[in-house]
Amino acid sequence: MKKSYNVPAVEKAVLILEYITHSEGGRSLRDIHTDLNIAKTTVFSTLMTLTECGFVRKSSDGLYLPTLKLTMLGAKARSFAYDSNFVRPRLEVLRDKTGFTVFFCAYDKGELFVLEKIDGFSGVIFQTNVEQRKHINTSGSGKAMAAFINPTELQAVLDKGLKKLTENSICEEEAFLQHLEEIRKQGYAFDDNEGEMGVRCIGAPVFMYNGIVYGAVSVSTLSEKLLLSDVSKYATMVQEVAEDISRSLGYAP
């Protein structure tokens with residue numbers, strides 16, 4: 001029988017951290033003690049350690065809340081969650097079929113984070129690069145993600161404000177919400193010169209096993225290379241790759 005090695009103090013710290021993270025508005029020392037049935041002295045010492053390490057903070061009303069350090073660690077872990085050896089060849093096939101530049105991005109804190117980029121055949125090198133962050137409302141990938149994230153996250157995005165990069169950027173909240181509804185219905189997003197004039201983009205969402213948005217796949221090219229009459233055709237190609245990657249992450253709609 002395989003022996004299990006557990007460190008009780010670490011187990012309690014993880015329990016407390018998960019409990020606080022999944023709470024709404026924070027939890028008091030008494031809440032943690034009562035709900036997790038952990039001794040008050042242990043809860044106190046664990047909270048002090050987590051606070052000193054930067055994972056937890058104490059609010060003015062005595063409630064303990066998770067810090068953004070957890071978010072940063074989660075974002076870093078997310079970049080390792082997918083198999084590049086699986087994803088990249090499929091992005092290359094999409095590039096070969098369309099001739100366009102292909103991106104694979106992750107959703108992170110209301111922005112998109114570029115994980116993979118395959119340059120197209122047009123000779124134009126787009127300035128967006130791997131590990132770069134971009135606004136969520138000014139790209140095909142970003143809008144594809146925004147349409148399917150949960151309402152709380154979407155509201156946080158709206159509270160930060162929508163960026164206007166070109167005259168075509170959708171930066172009015174009501175108009176943006178209506179646009180997201182259209183994206184949900186069609187299953188993909190179309191960026192028509194919204195992030196950069198002269199550039200069009202099509203993006204489709206990628207989901208994790210639990211149905212939560214992981215990121216998106218997109219293609220970008222010069223506007224003259226992507227005619228409006230061809231958007232649906234290319235969107236189908238992008239969606240097929242996004243669905244394939246979603247399945248690799250355990251998603252089963």
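Values in this text are rule-based calculations from the coordinates and carry no lab data. Computed from a prediction, not measured in an experiment: that's the story for all the values here. Neighbour counts are summed over all protein chains in view; Cβ atoms, including those assigned to glycine, are modelled from backbone coordinates with ideal geometry.
In the chain, the inverse of the mean reciprocal separation of distinct Cα atoms equals 20.0 Å; this is its Kirkwood hydrodynamic radius. The phi torsions of region 190-206, fed into the Karplus equation with coefficients 6.51, -1.76 and 1.60 and a -60° offset, translate into couplings of 10, 9, 9, 6, 8, x, 7, 5, x, 10, 10, 8, 10, x, 9, x, 10 Hz, rounded to whole numbers, with Gly and Pro shown as x. Residue by residue, region 88-94 carries 3J(HN,Hα) couplings of 4, x, 6, 5, 5, 5, 5 Hz when phi is fed to the Karplus relation 6.51 cos²θ - 1.76 cosθ + 1.60 (θ = phi - 60°); x denotes Gly or Pro.
Put simply, the amide H of Val56, placed in the peptide plane, has neighbours under 5 Å in Thr51, Thr67, leaving out anything fewer than 5 places away on its chain.
For the pairs Lys109/Lys134; Lys134/Lys233; Lys163/Lys185; Lys164/Lys185; Lys58/Lys160, flag any whose C-alpha to C-alpha distance is greater than 19 Å. Beyond 19 Å between Cα atoms: Lys134/Lys233; Lys163/Lys185; Lys164/Lys185; Lys58/Lys160.
Amide H to amide H, with H built 1.01 Å from N, Ser139 comes under 5 Å of no residue 5 or more places away or on another chain. With the cut-off at 1.5 for a/c, could you classify region 8-66 from its C-alpha gyration tensor as rounded, prolate or oblate? Since a/c stays below 1.5, the shape of region 8-66 is classed as rounded.
With the simple spin-label model, which puts each label point 7 Å out from Cα in the Cβ direction, the Glu153 to Glu240 separation comes to 2.7 nm.
For the chain, adding -39500 (n - 2.57) for each run of n ≥ 4 DSSP H residues and dividing by the number of residues yields -13500 deg cm²/dmol at 222 nm. In region 6-155, the inverse of the mean reciprocal separation of distinct Cα atoms equals 18.3 Å; this is its Kirkwood hydrodynamic radius. Note down the Stokes-Einstein diffusion coefficient of region 193-253 in µm²/s, whole number, using a Kirkwood radius over alpha carbon pairs, 4 °C, and 1.567 mPa s. The Stokes-Einstein estimate is 105 µm²/s. If you take the alpha carbon atoms of region 127-253 and fit the smallest convex hull around them, that volume is 110 Å³ per residue. Neighbour counts of other Cβ atoms within 10 Å put Arg133, Arg27, Arg95 in the fewest-to-most order Arg133, Arg95, Arg27.
When the Cα centres of region 212-234 and region 135-203 are compared, how far apart do they sit, in Å? Rounded to whole Å, the Cα centres lie 14 Å apart. Each residue of region 158-171 is assigned a 3J(HN,Hα), and the resulting list reads 5, 5, 6, x, 9, 7, 10, 9, 9, 5, 8, 4, 8, 10 Hz, derived from the Karplus form 6.51 cos²θ - 1.76 cosθ + 1.60 (θ = phi - 60°), x at Gly and Pro.
Counting pairs of alpha carbon atoms under 8 Å apart in space and at least six apart in sequence, what relative contact order in percent does the chain give?
Values: 406 pairs, mean separation 35.6, N = 253.
For the chain, the relative contact order is 14 percent.
Between Met48 and Ser248, the FRET efficiency estimated from the beta carbon spacing at R0 = 35 angstrom works out to 0.25.
Residues Glu182, Glu224, Glu24 in ascending order of nearby Cβ atoms (within 10 Å, fewest first): Glu24, Glu224, Glu182.
Among rounded, prolate and oblate, which fits region 149-206 when a ≥ b ≥ c are the square roots of the eigenvalues of its C-alpha gyration tensor, a/c under 1.5 means rounded, and a/b larger than b/c means prolate? Kindly include the intermediate steps, with their values, before the conclusion.
On the way: a/c = 1.94, a/b = 1.18, b/c = 1.65.
Verdict is oblate for region 149-206.
Of the peptides 166-179, 137-150, 113-126, the ranking by mean beta-carbon count within 10 Å, highest at the top, reads 137-150, 113-126, 166-179.
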